[in-house]
Amino acid sequence: MSRLRFRRRRPTARPTNRLARLAAAVAAVALVLTLAPPASAAGRFVPIVGIGSTWSANAISAWARNVQARNIQVEYEAAGSTQGRVQFREGKAHFGVSEIPYGLKDIFSGTDSKGSRESAYMPIVAGGTAFMYNLKIGGRRVTNLRLSGEVISKIFTGAIRKWNDPAIKADNPGLNLPSRSIVPVVRQDGSGTTAQFTLWMSKQHPAVWNAYCAKFSKPAPCGITSVYPRQSGSSFVGATGSDGVSGYVRQENAEGAITYVEYSYAINAKFPVVKVLNAGGYYVEPTASNVAVALTRAQINSNASSPDYLTQILDGVYRSTDPRTYPLSSYSYMIIPTKVEYNLTNDAGFTLSKFAYYFLCEGQRQAEVLGYSPLPINLVEAGLKQVQKVPGHEPISNIPQTLRGCNNPTVSADGGNALAKSAPQPSPCDRRGATQTTTGTAGARQDTPVLPVARCGGGGNSTSGGTGTTGGGTPGGTTPGGTSPGATGALGVPDGGPSPQFDPDNGQVVGDGGAAGGEQVAAVPVSLEGEGGWRLQHTVMLLAALLLVALVIGPPLVSNALQGVRHDDHRADR
(Lines give C-alpha, C1' and ligand atoms only; values in the text may rest on other atoms or scores of the structure.)
Protein backbone atom coordinates (compact mmCIF):
# COMPACT_ATOMS: atom_id res chain seq x y z
CA MET A 1 0.00 0.00 0.00
CA SER A 2 1.35 3.28 -0.91
CA ARG A 3 1.66 5.95 1.85
CA LEU A 4 0.10 9.21 1.06
CA ARG A 5 2.24 12.22 1.88
CA PHE A 6 0.56 15.52 2.68
CA ARG A 7 2.72 18.61 2.16
CA ARG A 8 1.79 21.58 4.29
CA ARG A 9 1.14 24.52 1.99
CA ARG A 10 3.16 27.59 3.01
CA PRO A 11 0.71 30.46 3.41
CA THR A 12 2.07 33.28 1.31
CA ALA A 13 -0.15 35.92 2.89
CA ARG A 14 0.82 35.26 6.50
CA PRO A 15 3.93 37.48 6.78
CA THR A 16 2.15 40.28 4.98
CA ASN A 17 -0.86 40.10 7.29
CA ARG A 18 1.34 39.91 10.37
CA LEU A 19 3.38 42.96 9.41
CA ALA A 20 0.28 44.87 8.40
CA ARG A 21 -1.43 44.23 11.73
CA LEU A 22 1.66 45.16 13.72
CA ALA A 23 2.11 48.31 11.67
CA ALA A 24 -1.52 49.23 12.24
CA ALA A 25 -1.12 48.75 15.98
CA VAL A 26 2.02 50.90 16.11
CA ALA A 27 0.34 53.57 13.98
CA ALA A 28 -2.66 53.62 16.30
CA VAL A 29 -0.45 54.11 19.36
CA ALA A 30 1.48 56.84 17.56
CA LEU A 31 -1.75 58.59 16.69
CA VAL A 32 -2.86 58.51 20.31
CA LEU A 33 0.47 59.96 21.40
CA THR A 34 0.22 62.70 18.82
CA LEU A 35 -3.32 63.75 19.65
CA ALA A 36 -3.17 63.36 23.41
CA PRO A 37 -3.56 66.69 25.23
CA PRO A 38 -0.78 67.96 27.53
CA ALA A 39 -1.02 67.32 31.24
CA SER A 40 -1.71 71.00 31.95
CA ALA A 41 -3.38 73.07 29.26
CA ALA A 42 -1.53 76.28 28.38
CA GLY A 43 -3.20 79.44 27.14
CA ARG A 44 -3.75 80.10 23.49
CA PHE A 45 -2.54 83.01 21.42
CA VAL A 46 -4.98 85.81 20.67
CA PRO A 47 -4.26 89.24 19.11
CA ILE A 48 -3.31 91.89 21.67
CA VAL A 49 -3.30 95.67 21.39
CA GLY A 50 -0.99 98.23 22.96
CA ILE A 51 -0.79 102.01 22.73
CA GLY A 52 1.55 104.72 23.93
CA SER A 53 5.10 106.00 23.66
CA THR A 54 6.62 107.01 20.34
CA TRP A 55 10.01 107.27 22.09
CA SER A 56 10.23 103.47 22.35
CA ALA A 57 8.02 102.68 19.33
CA ASN A 58 10.88 101.71 17.01
CA ALA A 59 11.93 98.97 19.43
CA ILE A 60 8.39 97.75 20.16
CA SER A 61 7.48 97.65 16.46
CA ALA A 62 10.60 95.63 15.63
CA TRP A 63 9.86 93.15 18.42
CA ALA A 64 6.25 92.83 17.29
CA ARG A 65 7.37 92.02 13.74
CA ASN A 66 9.84 89.46 14.97
CA VAL A 67 7.36 87.46 17.08
CA GLN A 68 4.89 87.08 14.22
CA ALA A 69 6.85 83.96 13.28
CA ARG A 70 5.67 82.50 16.61
CA ASN A 71 2.00 83.32 15.94
CA ILE A 72 2.10 86.20 18.43
CA GLN A 73 0.09 89.08 17.00
CA VAL A 74 0.80 92.45 18.61
CA GLU A 75 -0.78 95.63 17.30
CA TYR A 76 0.95 98.74 18.66
CA GLU A 77 -0.23 102.31 18.13
CA ALA A 78 2.45 104.94 18.73
CA ALA A 79 0.13 107.72 19.92
CA GLY A 80 2.29 109.19 22.69
CA SER A 81 2.77 108.35 26.35
CA THR A 82 -0.20 110.42 27.48
CA GLN A 83 -2.58 108.49 25.25
CA GLY A 84 -0.93 105.27 26.37
CA ARG A 85 -1.77 106.00 30.00
CA VAL A 86 -5.28 107.27 29.21
CA GLN A 87 -6.28 104.42 26.86
CA PHE A 88 -4.93 101.76 29.22
CA ARG A 89 -6.68 103.34 32.20
CA GLU A 90 -9.96 103.27 30.28
CA GLY A 91 -9.54 99.62 29.32
CA LYS A 92 -9.11 100.24 25.59
CA ALA A 93 -5.74 98.51 25.31
CA HIS A 94 -4.16 95.36 26.76
CA PHE A 95 -1.03 97.33 27.66
CA GLY A 96 0.19 100.92 27.65
CA VAL A 97 3.71 102.30 27.21
CA SER A 98 4.98 105.48 28.85
CA GLU A 99 8.21 107.16 29.92
CA ILE A 100 6.58 108.53 33.07
CA PRO A 101 4.16 106.99 35.59
CA TYR A 102 0.67 108.06 36.57
CA GLY A 103 0.25 110.68 39.25
CA LEU A 104 2.87 113.30 38.31
CA LYS A 105 1.71 116.89 38.58
CA ASP A 106 1.84 118.43 35.10
CA ILE A 107 2.23 122.21 35.22
CA PHE A 108 0.12 122.68 32.08
CA SER A 109 -2.40 119.83 32.06
CA GLY A 110 -2.82 118.87 35.72
CA THR A 111 -2.29 115.59 37.55
CA ASP A 112 -2.69 112.41 35.52
CA SER A 113 -4.91 110.05 37.53
CA LYS A 114 -4.19 106.31 37.57
CA GLY A 115 -7.88 105.39 37.77
CA SER A 116 -9.21 102.13 39.16
CA ARG A 117 -7.62 99.64 36.76
CA GLU A 118 -5.11 97.42 38.54
CA SER A 119 -1.67 97.50 36.92
CA ALA A 120 2.09 97.41 37.37
CA TYR A 121 5.09 99.02 35.69
CA MET A 122 7.73 97.04 33.81
CA PRO A 123 10.87 98.57 32.22
CA ILE A 124 11.23 97.54 28.57
CA VAL A 125 14.26 99.36 27.12
CA ALA A 126 16.72 102.18 27.79
CA GLY A 127 17.75 104.99 25.50
CA GLY A 128 18.73 108.62 25.11
CA THR A 129 16.61 111.65 24.26
CA ALA A 130 18.67 113.16 21.45
CA PHE A 131 18.66 116.50 19.66
CA MET A 132 18.38 115.91 15.91
CA TYR A 133 19.19 118.92 13.77
CA ASN A 134 19.41 120.16 10.18
CA LEU A 135 22.30 122.56 9.67
CA LYS A 136 24.74 123.24 6.84
CA ILE A 137 27.87 125.29 6.41
CA GLY A 138 28.62 126.27 2.82
CA GLY A 139 26.14 123.69 1.55
CA ARG A 140 27.75 120.87 3.55
CA ARG A 141 25.83 119.17 6.34
CA VAL A 142 27.18 119.68 9.85
CA THR A 143 27.47 116.35 11.69
CA ASN A 144 29.60 117.19 14.76
CA LEU A 145 27.62 119.93 16.53
CA ARG A 146 28.15 120.24 20.28
CA LEU A 147 25.97 122.04 22.83
CA SER A 148 25.91 122.52 26.58
CA GLY A 149 22.75 121.89 28.56
CA GLU A 150 22.26 125.59 29.20
CA VAL A 151 22.47 126.40 25.49
CA ILE A 152 19.98 123.62 24.65
CA SER A 153 17.58 124.97 27.28
CA LYS A 154 17.89 128.50 25.91
CA ILE A 155 17.28 127.30 22.34
CA PHE A 156 14.07 125.53 23.38
CA THR A 157 12.84 128.51 25.37
CA GLY A 158 13.57 131.08 22.66
CA ALA A 159 16.44 132.81 24.49
CA ILE A 160 18.95 131.85 21.76
CA ARG A 161 17.63 132.35 18.22
CA LYS A 162 20.62 132.29 15.84
CA TRP A 163 23.03 129.48 15.06
CA ASN A 164 26.01 131.83 15.27
CA ASP A 165 25.11 132.96 18.79
CA PRO A 166 28.30 133.42 20.85
CA ALA A 167 27.21 130.70 23.30
CA ILE A 168 26.88 128.15 20.47
CA LYS A 169 30.20 129.25 18.99
CA ALA A 170 31.86 128.69 22.37
CA ASP A 171 30.70 125.06 22.28
CA ASN A 172 31.94 124.68 18.69
CA PRO A 173 35.37 126.36 18.27
CA GLY A 174 35.95 124.39 15.06
CA LEU A 175 32.83 125.51 13.18
CA ASN A 176 32.20 128.74 11.31
CA LEU A 177 28.50 128.76 12.12
CA PRO A 178 26.02 130.57 9.83
CA SER A 179 23.81 133.47 10.81
CA ARG A 180 20.71 131.39 10.33
CA SER A 181 17.58 131.43 12.47
CA ILE A 182 17.01 128.49 14.79
CA VAL A 183 13.67 126.68 14.40
CA PRO A 184 12.84 124.65 17.54
CA VAL A 185 10.47 121.79 16.64
CA VAL A 186 8.46 120.56 19.62
CA ARG A 187 5.76 117.98 20.26
CA GLN A 188 2.21 119.29 20.19
CA ASP A 189 0.71 116.06 21.57
CA GLY A 190 1.00 114.56 25.05
CA SER A 191 4.49 113.11 25.06
CA GLY A 192 6.75 111.18 27.41
CA THR A 193 9.72 112.57 25.49
CA THR A 194 8.52 116.09 26.28
CA ALA A 195 8.05 115.09 29.91
CA GLN A 196 11.60 113.75 30.19
CA PHE A 197 13.06 116.81 28.46
CA THR A 198 11.17 119.35 30.55
CA LEU A 199 11.93 117.43 33.74
CA TRP A 200 15.64 117.63 32.87
CA MET A 201 15.42 121.40 32.22
CA SER A 202 13.52 121.98 35.46
CA LYS A 203 16.19 120.11 37.42
CA GLN A 204 19.34 121.29 35.65
CA HIS A 205 18.47 124.74 34.32
CA PRO A 206 15.56 125.95 36.45
CA ALA A 207 16.17 129.66 35.92
CA VAL A 208 15.90 129.30 32.13
CA TRP A 209 12.84 127.05 32.33
CA ASN A 210 11.09 129.16 34.98
CA ALA A 211 11.55 132.31 32.87
CA TYR A 212 9.95 130.58 29.89
CA CYS A 213 7.00 129.26 31.94
CA ALA A 214 6.39 132.76 33.28
CA LYS A 215 5.43 133.79 29.73
CA PHE A 216 2.47 131.44 30.10
CA SER A 217 1.60 132.77 33.57
CA LYS A 218 2.95 129.69 35.34
CA PRO A 219 4.50 130.26 38.76
CA ALA A 220 7.98 129.15 39.72
CA PRO A 221 9.20 126.55 40.27
CA CYS A 222 8.08 125.31 36.89
CA GLY A 223 8.24 121.53 36.70
CA ILE A 224 7.44 118.71 34.32
CA THR A 225 4.93 118.81 31.47
CA SER A 226 3.93 116.36 28.73
CA VAL A 227 2.55 119.12 26.49
CA TYR A 228 5.24 121.53 25.33
CA PRO A 229 4.12 125.18 25.62
CA ARG A 230 4.65 127.42 22.61
CA GLN A 231 3.39 130.85 21.71
CA SER A 232 1.71 131.64 18.42
CA GLY A 233 3.82 133.84 16.19
CA SER A 234 7.09 132.46 17.59
CA SER A 235 9.69 130.56 15.60
CA PHE A 236 8.62 127.32 17.29
CA VAL A 237 6.99 124.60 15.17
CA GLY A 238 4.68 121.95 16.63
CA ALA A 239 4.34 118.41 15.27
CA THR A 240 2.69 115.19 16.43
CA GLY A 241 4.70 112.14 17.45
CA SER A 242 8.38 111.34 17.11
CA ASP A 243 7.86 110.66 13.42
CA GLY A 244 6.27 114.09 13.08
CA VAL A 245 9.07 116.12 14.66
CA SER A 246 11.90 114.12 13.08
CA GLY A 247 10.09 114.17 9.74
CA TYR A 248 9.92 117.97 9.86
CA VAL A 249 13.61 118.37 10.67
CA ARG A 250 14.76 116.03 7.90
CA GLN A 251 13.06 118.06 5.17
CA GLU A 252 15.41 119.73 2.72
CA ASN A 253 13.74 123.10 3.27
CA ALA A 254 13.93 122.82 7.09
CA GLU A 255 17.53 123.97 7.43
CA GLY A 256 18.05 125.52 10.84
CA ALA A 257 15.56 123.19 12.57
CA ILE A 258 16.30 121.19 15.71
CA THR A 259 14.11 118.82 17.74
CA TYR A 260 14.22 116.40 20.66
CA VAL A 261 13.59 112.74 19.86
CA GLU A 262 14.85 109.27 20.75
CA TYR A 263 18.25 108.48 19.17
CA SER A 264 16.84 105.77 16.87
CA TYR A 265 14.84 108.29 14.84
CA ALA A 266 17.96 110.22 13.85
CA ILE A 267 19.68 106.97 12.88
CA ASN A 268 16.78 105.96 10.64
CA ALA A 269 16.62 109.44 9.09
CA LYS A 270 20.39 109.48 8.37
CA PHE A 271 20.69 112.68 10.37
CA PRO A 272 23.12 113.75 13.10
CA VAL A 273 22.43 114.52 16.75
CA VAL A 274 24.00 117.01 19.13
CA LYS A 275 26.84 115.91 21.36
CA VAL A 276 25.65 117.09 24.77
CA LEU A 277 28.03 118.41 27.43
CA ASN A 278 27.94 116.26 30.58
CA ALA A 279 28.97 117.07 34.14
CA GLY A 280 32.33 115.42 33.49
CA GLY A 281 33.18 118.13 30.96
CA TYR A 282 32.81 116.04 27.76
CA TYR A 283 30.46 116.28 24.81
CA VAL A 284 28.88 112.86 24.12
CA GLU A 285 26.10 111.31 22.04
CA PRO A 286 23.57 108.72 23.31
CA THR A 287 25.21 105.51 22.13
CA ALA A 288 24.13 102.30 23.83
CA SER A 289 27.25 102.23 26.00
CA ASN A 290 27.04 105.91 27.01
CA VAL A 291 23.40 105.40 28.02
CA ALA A 292 24.34 102.26 29.97
CA VAL A 293 27.03 104.20 31.85
CA ALA A 294 24.62 107.02 32.63
CA LEU A 295 21.88 104.75 33.98
CA THR A 296 24.18 103.17 36.53
CA ARG A 297 23.37 106.40 38.38
CA ALA A 298 19.59 106.03 38.09
CA GLN A 299 17.72 105.50 41.33
CA ILE A 300 15.12 102.76 40.89
CA ASN A 301 12.13 102.44 43.21
CA SER A 302 12.90 99.12 44.95
CA ASN A 303 9.83 99.01 47.19
CA ALA A 304 7.87 96.08 45.76
CA SER A 305 4.72 97.15 47.61
CA SER A 306 4.80 100.66 46.15
CA PRO A 307 2.45 101.48 43.25
CA ASP A 308 5.48 103.09 41.58
CA TYR A 309 7.73 100.04 41.97
CA LEU A 310 10.60 100.04 39.41
CA THR A 311 10.04 103.63 38.25
CA GLN A 312 13.05 105.92 37.91
CA ILE A 313 14.55 109.01 39.52
CA LEU A 314 17.19 110.46 37.21
CA ASP A 315 18.84 113.24 39.22
CA GLY A 316 21.99 111.16 39.60
CA VAL A 317 22.10 110.57 35.85
CA TYR A 318 21.89 114.29 35.10
CA ARG A 319 24.79 115.04 37.44
CA SER A 320 27.09 112.09 36.81
CA THR A 321 30.70 113.17 36.32
CA ASP A 322 31.70 110.04 34.42
CA PRO A 323 33.02 111.44 31.11
CA ARG A 324 31.08 108.80 29.16
CA THR A 325 27.66 109.72 30.59
CA TYR A 326 24.90 110.88 28.29
CA PRO A 327 22.85 113.07 30.64
CA LEU A 328 19.40 112.64 29.05
CA SER A 329 19.33 108.85 29.40
CA SER A 330 16.24 107.08 30.73
CA TYR A 331 14.05 103.98 30.68
CA SER A 332 10.70 103.40 29.00
CA TYR A 333 7.97 101.42 30.77
CA MET A 334 5.12 99.10 29.84
CA ILE A 335 1.99 99.39 31.95
CA ILE A 336 0.72 95.83 32.36
CA PRO A 337 -2.63 94.58 33.70
CA THR A 338 -2.76 92.58 36.92
CA LYS A 339 -6.46 91.69 36.99
CA VAL A 340 -8.99 90.21 34.55
CA GLU A 341 -11.11 93.26 33.79
CA TYR A 342 -12.09 95.50 30.90
CA ASN A 343 -10.81 93.87 27.68
CA LEU A 344 -8.35 91.48 29.33
CA THR A 345 -8.87 87.71 29.16
CA ASN A 346 -6.56 84.97 30.39
CA ASP A 347 -5.62 84.21 26.77
CA ALA A 348 -4.71 87.85 26.18
CA GLY A 349 -2.63 87.76 29.36
CA PHE A 350 -0.93 84.57 28.17
CA THR A 351 -0.07 86.20 24.83
CA LEU A 352 1.20 89.35 26.54
CA SER A 353 3.42 87.27 28.82
CA LYS A 354 5.00 85.44 25.86
CA PHE A 355 5.66 88.75 24.11
CA ALA A 356 7.19 90.16 27.30
CA TYR A 357 9.47 87.15 27.76
CA TYR A 358 10.72 87.68 24.22
CA PHE A 359 11.60 91.35 24.47
CA LEU A 360 12.97 91.11 28.01
CA CYS A 361 15.45 88.46 26.85
CA GLU A 362 16.23 88.22 23.12
CA GLY A 363 14.80 91.64 22.40
CA GLN A 364 17.47 93.30 24.53
CA ARG A 365 20.17 91.87 22.27
CA GLN A 366 18.70 93.93 19.42
CA ALA A 367 18.44 97.19 21.36
CA GLU A 368 21.78 98.67 20.29
CA VAL A 369 21.26 98.07 16.57
CA LEU A 370 17.80 99.65 16.84
CA GLY A 371 19.22 102.81 18.44
CA TYR A 372 18.52 101.99 22.08
CA SER A 373 20.41 100.54 25.03
CA PRO A 374 19.61 97.15 26.62
CA LEU A 375 18.15 96.83 30.08
CA PRO A 376 20.65 95.80 32.78
CA ILE A 377 20.10 92.26 33.95
CA ASN A 378 18.72 93.27 37.36
CA LEU A 379 15.85 95.11 35.64
CA VAL A 380 15.28 92.17 33.31
CA GLU A 381 14.91 89.98 36.39
CA ALA A 382 12.52 92.48 37.96
CA GLY A 383 10.57 92.61 34.69
CA LEU A 384 10.21 88.82 34.56
CA LYS A 385 8.82 88.89 38.10
CA GLN A 386 6.34 91.60 37.12
CA VAL A 387 5.05 89.43 34.26
CA GLN A 388 4.05 86.81 36.84
CA LYS A 389 1.35 89.27 37.96
CA VAL A 390 -0.41 89.21 34.57
CA PRO A 391 -3.54 87.00 34.61
CA GLY A 392 -3.14 83.90 32.42
CA HIS A 393 0.63 84.36 32.12
CA GLU A 394 2.94 81.51 31.13
CA PRO A 395 4.63 80.74 34.46
CA ILE A 396 8.40 80.65 34.95
CA SER A 397 9.52 78.16 37.56
CA ASN A 398 13.20 79.14 37.64
CA ILE A 399 13.91 82.80 36.94
CA PRO A 400 17.71 82.59 37.58
CA GLN A 401 17.96 79.82 35.00
CA THR A 402 15.85 81.86 32.60
CA LEU A 403 18.19 84.83 33.05
CA ARG A 404 21.18 82.66 32.12
CA GLY A 405 19.41 81.86 28.87
CA CYS A 406 18.67 85.51 28.07
CA ASN A 407 22.20 86.25 26.77
CA ASN A 408 21.77 89.87 27.81
CA PRO A 409 24.73 91.96 26.55
CA THR A 410 25.00 93.77 29.89
CA VAL A 411 25.84 90.60 31.86
CA SER A 412 29.36 90.25 33.29
CA ALA A 413 31.01 87.60 35.44
CA ASP A 414 31.15 89.87 38.50
CA GLY A 415 27.47 90.80 38.27
CA GLY A 416 28.13 94.32 36.97
CA ASN A 417 27.00 95.92 33.74
CA ALA A 418 29.34 94.63 31.03
CA LEU A 419 28.19 97.19 28.47
CA ALA A 420 28.91 100.06 30.85
CA LYS A 421 32.27 98.62 31.88
CA SER A 422 33.47 98.30 28.29
CA ALA A 423 32.17 101.73 27.23
CA PRO A 424 34.98 103.69 25.51
CA GLN A 425 36.22 106.94 26.92
CA PRO A 426 35.30 109.99 24.81
CA SER A 427 37.90 111.55 22.58
CA PRO A 428 40.15 114.07 24.34
CA CYS A 429 39.17 116.36 21.47
CA ASP A 430 35.58 116.35 22.78
CA ARG A 431 36.58 117.72 26.15
CA ARG A 432 35.22 121.21 26.64
CA GLY A 433 37.88 123.56 25.37
CA ALA A 434 39.57 124.81 22.23
CA THR A 435 39.50 121.62 20.15
CA GLN A 436 36.73 119.72 18.37
CA THR A 437 36.44 116.34 16.65
CA THR A 438 35.39 115.99 13.03
CA THR A 439 33.49 112.72 13.63
CA GLY A 440 29.79 112.59 12.72
CA THR A 441 27.02 111.20 14.90
CA ALA A 442 23.92 108.98 14.79
CA GLY A 443 22.77 108.46 11.19
CA ALA A 444 25.31 110.87 9.70
CA ARG A 445 28.75 109.44 10.40
CA GLN A 446 30.55 111.45 7.74
CA ASP A 447 33.17 113.87 9.05
CA THR A 448 32.69 117.62 9.19
CA PRO A 449 35.92 119.59 8.71
CA VAL A 450 36.88 121.93 11.53
CA LEU A 451 38.83 125.17 11.50
CA PRO A 452 42.62 124.76 11.72
CA VAL A 453 42.70 126.45 15.12
CA ALA A 454 40.48 123.72 16.61
CA ARG A 455 41.98 120.67 14.94
CA CYS A 456 42.78 117.78 17.20
CA GLY A 457 44.99 114.79 16.48
CA GLY A 458 43.08 111.63 15.55
CA GLY A 459 39.66 113.27 15.71
CA GLY A 460 37.92 109.99 16.58
CA ASN A 461 36.97 108.22 19.76
CA SER A 462 39.68 107.37 22.24
CA THR A 463 40.12 103.72 23.12
CA SER A 464 42.18 104.37 26.22
CA GLY A 465 40.92 103.14 29.53
CA GLY A 466 39.73 105.14 32.46
CA THR A 467 37.74 105.00 35.65
CA GLY A 468 34.09 104.23 35.06
CA THR A 469 31.00 102.88 36.71
CA THR A 470 29.28 99.58 36.53
CA GLY A 471 26.28 97.91 38.04
CA GLY A 472 23.45 98.65 35.67
CA GLY A 473 21.38 100.93 37.86
CA THR A 474 20.75 98.57 40.73
CA PRO A 475 17.54 99.30 42.62
CA GLY A 476 18.10 101.83 45.33
CA GLY A 477 21.70 102.71 44.49
CA THR A 478 24.76 102.42 42.31
CA THR A 479 27.87 100.31 42.14
CA PRO A 480 31.34 101.76 41.67
CA GLY A 481 33.26 100.36 38.77
CA GLY A 482 36.80 99.97 37.49
CA THR A 483 38.81 100.63 34.39
CA SER A 484 38.17 99.64 30.81
CA PRO A 485 41.53 99.46 29.01
CA GLY A 486 41.44 98.71 25.33
CA ALA A 487 37.71 99.34 25.04
CA THR A 488 36.20 99.22 21.60
CA GLY A 489 35.05 102.26 19.65
CA ALA A 490 31.56 103.74 19.66
CA LEU A 491 28.68 102.01 17.94
CA GLY A 492 28.95 101.89 14.16
CA VAL A 493 25.24 102.14 13.30
CA PRO A 494 23.62 101.19 9.99
CA ASP A 495 23.67 104.16 7.65
CA GLY A 496 19.93 104.78 7.46
CA GLY A 497 17.39 102.64 5.63
CA PRO A 498 14.59 100.66 7.27
CA SER A 499 15.05 99.11 10.67
CA PRO A 500 16.84 95.74 10.41
CA GLN A 501 14.95 92.46 10.80
CA PHE A 502 15.95 89.86 13.37
CA ASP A 503 15.65 86.12 13.65
CA PRO A 504 13.24 85.65 16.61
CA ASP A 505 15.13 82.56 17.75
CA ASN A 506 18.66 83.90 18.01
CA GLY A 507 18.45 87.68 17.71
CA GLN A 508 20.80 87.84 14.74
CA VAL A 509 20.28 90.31 11.92
CA VAL A 510 18.86 88.61 8.83
CA GLY A 511 18.49 89.71 5.24
CA ASP A 512 20.13 93.02 4.41
CA GLY A 513 20.08 94.29 7.98
CA GLY A 514 23.76 94.31 8.84
CA ALA A 515 24.96 94.27 12.42
CA ALA A 516 26.26 97.13 14.45
CA GLY A 517 29.95 97.84 14.41
CA GLY A 518 32.34 97.14 17.25
CA GLU A 519 32.50 94.01 19.37
CA GLN A 520 29.78 91.49 18.60
CA VAL A 521 28.12 89.12 21.04
CA ALA A 522 27.57 85.54 19.92
CA ALA A 523 23.89 84.77 19.43
CA VAL A 524 22.70 81.70 21.31
CA PRO A 525 19.16 80.61 20.36
CA VAL A 526 16.52 80.96 23.06
CA SER A 527 13.18 79.44 22.15
CA LEU A 528 9.95 81.34 22.73
CA GLU A 529 8.42 78.01 23.66
CA GLY A 530 10.48 77.96 26.82
CA GLU A 531 12.50 80.86 28.10
CA GLY A 532 15.20 79.26 30.21
CA GLY A 533 14.45 76.38 32.55
CA TRP A 534 10.66 76.02 32.47
CA ARG A 535 10.62 74.48 28.99
CA LEU A 536 12.33 71.32 30.28
CA GLN A 537 9.82 70.96 33.12
CA HIS A 538 6.84 71.24 30.78
CA THR A 539 8.41 68.81 28.34
CA VAL A 540 8.94 66.18 31.04
CA MET A 541 5.35 66.57 32.25
CA LEU A 542 4.04 66.20 28.70
CA LEU A 543 6.12 63.09 28.01
CA ALA A 544 4.97 61.53 31.27
CA ALA A 545 1.33 62.09 30.38
CA LEU A 546 1.76 60.67 26.89
CA LEU A 547 3.60 57.63 28.23
CA LEU A 548 0.73 56.96 30.62
CA VAL A 549 -1.74 57.09 27.74
CA ALA A 550 0.45 54.74 25.68
CA LEU A 551 0.67 52.25 28.56
CA VAL A 552 -3.11 52.23 28.96
CA ILE A 553 -4.13 52.05 25.30
CA GLY A 554 -1.09 50.54 23.66
CA PRO A 555 -1.16 46.98 25.15
CA PRO A 556 -4.76 46.20 24.05
CA LEU A 557 -4.00 47.37 20.54
CA VAL A 558 -0.84 45.30 20.32
CA SER A 559 -2.64 42.29 21.90
CA ASN A 560 -5.41 42.48 19.31
CA ALA A 561 -2.82 42.66 16.58
CA LEU A 562 -1.01 39.56 17.89
CA GLN A 563 -4.27 37.62 18.26
CA GLY A 564 -4.94 38.41 14.64
CA VAL A 565 -1.53 37.04 13.70
CA ARG A 566 -2.14 33.83 15.68
CA HIS A 567 -5.53 33.49 14.04
CA ASP A 568 -3.88 33.70 10.62
CA ASP A 569 -1.37 31.02 11.63
CA HIS A 570 -4.17 28.74 12.80
CA ARG A 571 -6.09 29.18 9.56
CA ALA A 572 -2.94 28.50 7.58
CA ASP A 573 -2.28 25.27 9.53
CA ARG A 574 -5.71 24.06 8.69
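The values are calculated or read from the model by the stated rules, or taken from the named source; none is laboratory data. Since this is a predicted model, take the numbers as computed values, not measurements. Every residue, glycine among them, receives a Cβ derived from its backbone with ideal geometry; neighbour counts consider all protein chains shown. Please note that ligands, DNA and RNA were not included when accessible areas were found on the heavy atoms of the full protein model with its side chains. Shrake-Rupley method; radii C 1.70, N 1.55, O 1.52, S 1.80 Å.
Once fully extended, how much extra length lies between GLN251 and GLU90, figured as 0.36 nm per residue of separation less the alpha-carbon to alpha-carbon distance?
On the way: separation 161, 0.36 × 161 = 57.96 nm, distance 3.71 nm.
Answer, rounded to one decimal: 54.2 nm.
Of the peptides 419-425, 136-142, 406-412, how do they stack up when ordered by the mean number of other Cβ atoms within 10 Å, highest first? Before the final figure, lay out each step's value.
On the way: 419-425: 25.9, 136-142: 12.3, 406-412: 23.0.
Ranked from most to least packed, the peptides come out as 419-425, 406-412, 136-142.
What length, rounded to one decimal in nm, is gained on full extension from GLU75 through to GLN388, with 0.36 nm per residue of separation minus their alpha-carbon distance? Walk me through the numbers on the way to the answer.
Working: separation 313, 0.36 × 313 = 112.68 nm, distance 2.20 nm.
Contour length minus Cα-Cα distance gives 110.5 nm.
By how many nm would the segment from ASN346 to ARG319 grow when fully extended, if each residue of separation counts as 0.36 nm and the alpha-carbon distance is taken off?
Numbers: separation 27, 0.36 × 27 = 9.72 nm, distance 4.40 nm.
Fully extending the segment from ASN346 to ARG319 adds 5.3 nm.
Hey, with R₀ at 35 Å, roughly what FRET efficiency would GLU118 and SER181 work out to, going by the Cβ-Cβ distance, to 0.05?
Working: r = 50 Å, r/R0 = 1.43.
Efficiency computed from Cβ-Cβ geometry: 0.10.
Can you give me the % of accessible surface on segment 36-121 that is carbon or sulfur? Probe 1.4 Å, all protein chains present, nothing else counted.
On the way: 1700 of 3490 Å².
Reported share for carbon and sulfur atoms: 49 percent.
Distance in nm between label sites at ARG65 and THR111, each 7 Å beyond Cα in the beta-carbon direction?
The modelled label-to-label distance comes out at 4.2 nm.
Which of the GluC sites (Glu not before Pro) across segment 38-108 are loop residues per DSSP, with 16 or fewer other Cβ within 10 Å?
Numbers: sites: GLU75, GLU77, GLU90, GLU99; in loops: GLU90, GLU99.
Counting only loop positions with at most 16 other Cβ atoms within 10 Å, the GluC sites (Glu not before Pro) in segment 38-108 are GLU90.
Check each of the GluC sites (Glu not before Pro) in segment 306-415 and keep only those in coil by DSSP with at most 14 other C-beta atoms within 10 angstrom; list them in order.
Values: sites: GLU341, GLU362, GLU368, GLU381; in loops: GLU341.
Passing both the DSSP loop test and the Cβ count: GLU341.
What share of Cα pairs, in percent, lie more than 17 angstrom apart in segment 202-280?
Details: 1810 of 3081 pairs.
Result: 59 percent of Cα pairs exceed 17 Å.
Of all chymotrypsin sites (Phe, Trp or Tyr not before Pro) in segment 153-259, which ones are in loop regions per DSSP and have a Cβ with at most 15 other Cβ atoms within 10 Å?
Working: sites: PHE156, TRP163, PHE197, TRP200, TRP209, TYR212, PHE216, PHE236, TYR248; in loops: PHE156, TRP163, PHE216, PHE236.
Passing sites in segment 153-259 are PHE216.
R0 = 45 Å: FRET efficiency of ALA170 with PHE216, Cβ-based, nearest 0.05? Walk me through the intermediate numbers first.
Details: r = 29 Å, r/R0 = 0.65.
The formula returns an efficiency of 0.95 here.
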